[in-house]
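The values are calculated or read from the model by the stated rules, or taken from the named source; none is laboratory data. Only a predicted model underlies this, so the values are computations on that prediction, with no experimental measurement involved. Reconstructed Cβ throughout: ideal geometry from the backbone, glycine too, with neighbour counts over all protein chains shown. Only protein heavy atoms, including side chains, enter the accessible area calculation; ligands, DNA and RNA are left aside. Shrake-Rupley method; radii C 1.70, N 1.55, O 1.52, S 1.80 Å.
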Amino acid sequence: MDALSLLDAGLNQCAVVIDRDGGLLLALLTAGLVGGTTHCTGMCGPFVLAQVSARLERVPLSAMSEFRRLTGAAVLPYHAGRATTYALIGALSASVAGHIGALPGLRWLSVALLALAALFFLGYAARSVLSWLPKAPSLGKGRLQSWWGNRVSGLARPLFGNPTGWRGYGLGVALGFIPCGMLYGAIAVAAASGSALTGALGMTAFALGTVPSLLAVGLAGHVAGRTWRTAVARVAPAIMLVNAGVLGWMAWKLVA
């Protein structure tokens, strides 16, 4: 089988997955859009701005153009690297869940994962509403999560010197392993599919959803990120409630 035949077979398989699991993929895409706006701009924005600064500093003033500025601020290799890591995590988690779920007595694993993800999105919606109130409680970051995030950031630091091309891609791959709450919920949804391909496509959709807000940060700094965040923050709880309802309905369909 030649390369074109393999590509055609792969695209056909992806089309089948999109048709079959479109609800799950859409839930992850919208979760990425909301999470990217309300969460990623604050957590990943500094990484994006550091890359933009490093990339543009290496361009001579005489060679600077609007196209160079835009491509430098977009940091597309970084986003491609993050998407790769997320897709691998999604494929692995879904494959493991699928094999475990096939064992006798464990067929309810997908239902449990979908229900867990639905509860997570409900909690995220409630937390978003609470953030509008004064002195809203903060969940903070666990010691293990903080320790792992610091280690990943430390290993990736040498790539910040010239984050272009494959180095920028590698930076995205590395920083994709930094843990965050929104990522956990997305992984639970991807794992519930029990299919490595669906898990990979689902986490890719999640990664794509986070890109617009980070592109805004890269192009215009945190000012744009805050503006975008303010505009979306008001509708974020409603979107997350819809996501929770979709995932809950999917869990119910598996039971019924």
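Each of Leu7, Leu247 has its accessible area taken with a 1.4 Å probe; listed largest first, they run Leu7, Leu247. Give the residues of the stretch 166-189 whose amide nitrogen is closer than 13 Å to a point set 7 Å from the Cα of Ile100 in the direction of its Cβ. Counting only backbone N, you get 188-189. On the basis of the beta-carbon distance and an R0 of 22 Å, Cys180 and Trp108 show a calculated FRET efficiency of 0.20.
Please list 214-220, 186-192 highest first by mean number of surrounding beta-carbon atoms within 10 Å per residue. Walk me through the intermediate numbers first.
Numbers: 214-220: 21.9, 186-192: 29.0.
Result, highest mean Cβ count within 10 Å first: 186-192, 214-220.
Accessible surface of Phe47, taken over heavy atoms with a 1.4 Å probe and every protein chain present, rounds to 50 Å².
Given a 1.4 Å probe and the protein chains as shown, Val173 ends up with an accessible area of around 40 Å². Ordered from largest to smallest accessible area (heavy atoms of protein chains, 1.4 Å probe), the residues Tyr86, Tyr184 come out as Tyr184, Tyr86.
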